[in-house]
Amino acid sequence: MKFQSTRFNKHFWVIETLLLGAGAPFLLFPTLRPTVTVGVLALFALWWLARWGLERRPLPPTPFNGALLLWGSAVAVGIAVTAIPALTLPKATGLILGLATWRYLALTLHNRHDVRWGLAGLILVGIGIAGVGLLSVRWSVKIPFMQTWIARLPQQILALPEGPEAGVSANQLGGVLAFYLPLALAAALGKLQALTHAKNRRQRWVAVGLLAGALLGLALTAGLLVLTQSRSAWIGGVVGILALLALWVGTGKRDWPRRAAGAALVMMLLLGGMVYARTEPAQIAALWERPGGVETDVVGTVTLSGRVEIWSRALYAIQDFPFTGCGLGTFREVMWILYPLFTISPGHDIAHAHNMFLQVAVDTGLPGLIAYLALLGSAAAVG
């Protein structure tokens with residue numbers, strides 16, 4: 001029997017919200033209160049099983065279910081084969097929290113109005129992450145002319161639980177901001193379009209206020225992203241903006257905001273081409289070879305040659321553990337034991353393979369990489 005009444009849906013929504021909100025801190029920092037973390041995981045499992053029994057389906061029907069089933073199986077294998085549980089635990093609970101968040105959104109977002117609220121919530125979460133990162137990040141000077149700006153920034157006012165003692169890497173913060181930058185731009189474009197279609201003075205003032213807030217969020221996100229000096233994050237942010245503008249211009253009516261976005265897209269492409277054409281290959285190589293910080297940054301402060309060496313070690317691990325991976329989150333230790341580096345001295349913390357696809361395969365094996373690619377393909381197909 002399926003329970004589809006409004007009364008049951010409201011009760012379920014309240015339980016899902018309370019469970020996710022109360023459990024998220026313990027899944028983000030699982031070793032602070034291990035007993036509570038185990039209890040939260042047990043509650044998640046019991047509630048999901050109970051709702052499965054009531055509704056006769058484990059997950060809401062979505063285009064991602066098949067890929068998620070394969071992904072979950074690969075992650076379970078990566079957890080089972082780990083030789084270093086202390087490294088695997090935070091990665092595993094983080095993935096479970098991500099699955100719980102996706103499940104919550106799939107269950108609660110049913111129409112355009114709900115999706116707008118979901119997008120607003122996602123942007124607020126991003127602003128919160130950026131704020132916490134700003135207070136806990138370890139700033140370093142990679143680009144000389146930015147030294148004056150960096151010197152005025154607060155240095156690790158807040159220490160995150162389970163975080164590195166020296167502070168969060170600016171490259172990690174840059175990676176998060178690069179993800180949120182296109183979302184902030186999308187919100188601004190949406191409010192600009194709403195302003196152009198406003199039918200009365202009240203709608204125009206509401207649209208102006210929302211547009212101002214969206215532009216402020218976009219400016220803060222872009223400004224912080226520049227200050228991180230993360231070259232990979234810069235490239236990711238620019239590519240995300242170009243992709244967003246291309247999709248937005250290519251869909252919908254040809255109103256003036258889309259024409260303006262199309263002109264901006266063409267100008268960005270032309271400017272990028274001109275800069276690239278006028279830059280010597282040696283200058284580009286020097287930019288990537290400049291370390292821009294100490295090697296003990298968790299992610300991203302090694303040179304290009306160092307990255308290539310790390311990639312080769314990840315490929316060795318995939319070759320040795322193709323079906324299971326070397327254990328979820330254990331690459332930072334397995335690499336030094338089985339595949340030591342030559343250009344980076346031992347003892348430095350290399351927590352990531354410096355390539356998302358290699359990292360997924362190292363953690364969960366080739367089946368996990370296939371599932372990850374299937375999830376990306378499903379997202380692209382949906383749209």
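All but one of (1) at pLDDT 80 or above; (2) over 16 Å from GLY175 (Cβ atoms) hold for GLN229; state the number of the condition that does not hold.
Here GLN229 meets the rest and fails (2).
Of the numbered conditions (1) more than 22 Å from LEU376 (Cα to Cα); (2) out of contact with any Gly (no Cβ under 8 Å at 6 or more places or on another chain); (3) modelled with pLDDT of 90 or more, ASN111 fails exactly one; give the number of that condition.
Just one mismatch for ASN111, condition (3).
Could you list, in sequence order, all residues of region 335-360 that are aliphatic (A, V, I, L, M), free of Cβ contacts under 8 Å to residues at least 24 places away in the same chain and crowded, with 16+ Cβ neighbours inside 10 Å?
Correct list: VAL360 only.
Tell me yes or no: at least one residue of region 303-318 is surrounded by fewer than 16 Cβ atoms within 10 Å (Cβ to Cβ), part of a loop (DSSP other than H, G, I, E, B) and either at positive phi or not acidic (Asp, Glu) (or both).
no
Here are some conditions: (1) in contact with a Ser or Thr (Cβ under 7 Å, 6 or more places away or on another chain); (2) within 20 Å of GLN172 (Cβ to Cβ); (3) not hydroxyl-bearing (Ser, Thr, Tyr). GLY126 meets all but one. Which one does it not meet?
(1)
Consider only pairs whose beta carbons are under 6 Å apart and that are at least six residues apart or on different chains; among these, list those whose first residue lies in region 212-234 and is surrounded by 16 or more Cβ atoms within 10 Å (Cβ to Cβ) and whose second residue is not in a helix (DSSP H, G or I).
Listed by first residue and then by second, the contacts come to GLN229/LYS142; GLN229/ILE143.
Does PRO58 qualify as being free of Cβ contacts under 8 Å to residues at least 24 places away in the same chain, of a type outside the set (A, V, I, L, M) and more than 30 Å from LEU373 (Cβ to Cβ)?
Here the answer is no, as PRO58 does not meet what is asked.
Let's see how each residue does on (1) of a type in the set (A, V, I, L, M, F, W, C); (2) within 28 Å of the chain's Cα centre (by Cα); (3) modelled with pLDDT of 70 or more:
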| site | (1), (2), (3) |
| --- | --- |
| LEU247 | yes, yes, yes |
| LYS253 | no, no, no |
| TRP256 | yes, no, no |
| ASP297 | no, yes, no |
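How do the pairs read when you match residues in region 37-48 that are under 14 Å from ALA92 (Cβ atoms) with residues anywhere that are surrounded by 17 or more Cβ atoms within 10 Å (Cβ to Cβ) and among the β-branched types (Val, Ile, Thr), using Cβ under 9 Å and keeping only pairs 6 or more apart or on different chains?
If the second residue must be surrounded by 17 or more Cβ atoms within 10 Å (Cβ to Cβ) and among the β-branched types (Val, Ile, Thr), the pairs left are THR37/THR93; VAL40/THR93; LEU41/THR93; LEU41/ILE96; PHE44/ILE96.
Find the residue count for region 44-76, including only residues that are of a type in the set (Val, Ile, Thr) and over 24 Å from GLY23 (Cα atoms).
Applying the first criterion (of a type in the set (Val, Ile, Thr)) to region 44-76 yields 62, 75.
This time we only want the ones that are over 24 Å from GLY23 (Cα atoms), so: 62.
Going through region 44-76 one residue at a time, the tally reaches 1.
Got at least one residue in region 77-87 being within 20 Å of the chain's Cα centre (by Cα), over 24 Å from LEU376 (Cα atoms) and touching a residue at least 24 places away in the same chain (Cβ under 8 Å)?
yes
Six or more apart or on different chains, Cβ under 9 Å: which pairs go from a residue in region 306-324 that's closer than 24 Å to ALA76 by Cα to one that's buried (at least 19 other Cβ atoms within 10 Å of the Cβ) and aromatic (Phe, Trp, Tyr)? Could you list them?
Final answer for the pair search is ARG313/PHE331; ALA314/PHE331; ALA317/PHE331.
Take region 107-131 and flag every residue that is within 20 Å of LEU19 (Cα to Cα), of a type in the set (A, V, I, L, M) and without any contact (Cβ under 8 Å) to a residue 12 or more places away in the chain.
Passing the criteria: LEU109, LEU124, VAL125.
Mind listing just one residue for me: the one in region 21-37 that is out of contact with any Asp or Glu (no Cβ under 8 Å at 6 or more places or on another chain) and among the hydroxyl-bearing types (Ser, Thr, Tyr) and, of those, nearest to ALA100 (Cα to Cα)?
Looking at residues that are out of contact with any Asp or Glu (no Cβ under 8 Å at 6 or more places or on another chain) and among the hydroxyl-bearing types (Ser, Thr, Tyr), I get THR37.
Residues of region 322-334 being crowded, with 21+ Cβ neighbours inside 10 Å and over 22 Å from VAL168 (Cα atoms), which ones?
The answer is GLY325, CYS326, GLY327, VAL334.
Please state which of the following conditions LEU341 fails to meet, knowing it meets all the rest: (1) assigned to a helix (DSSP H, G or I); (2) hydrophobic (A, V, I, L, M, F, W, C); (3) farther than 11 Å from ALA314 by Cβ; (4) over 18 Å from the mean Cα position of the chain (by Cα).
It is condition (1) that LEU341 fails.
Could you tell me how many of the residues in region 200-222 are within 25 Å of the chain's Cα centre (by Cα) and of a type in the set (Val, Ile, Thr)?
Number of matching residues: 1.
The values are calculated or read from the model by the stated rules, or taken from the named source; none is laboratory data. Just so it is clear, the structure is predicted and the values come from calculations on it, not from any experiment. We place every Cβ from the backbone using ideal geometry, glycine too, and count neighbours over all the protein chains shown.
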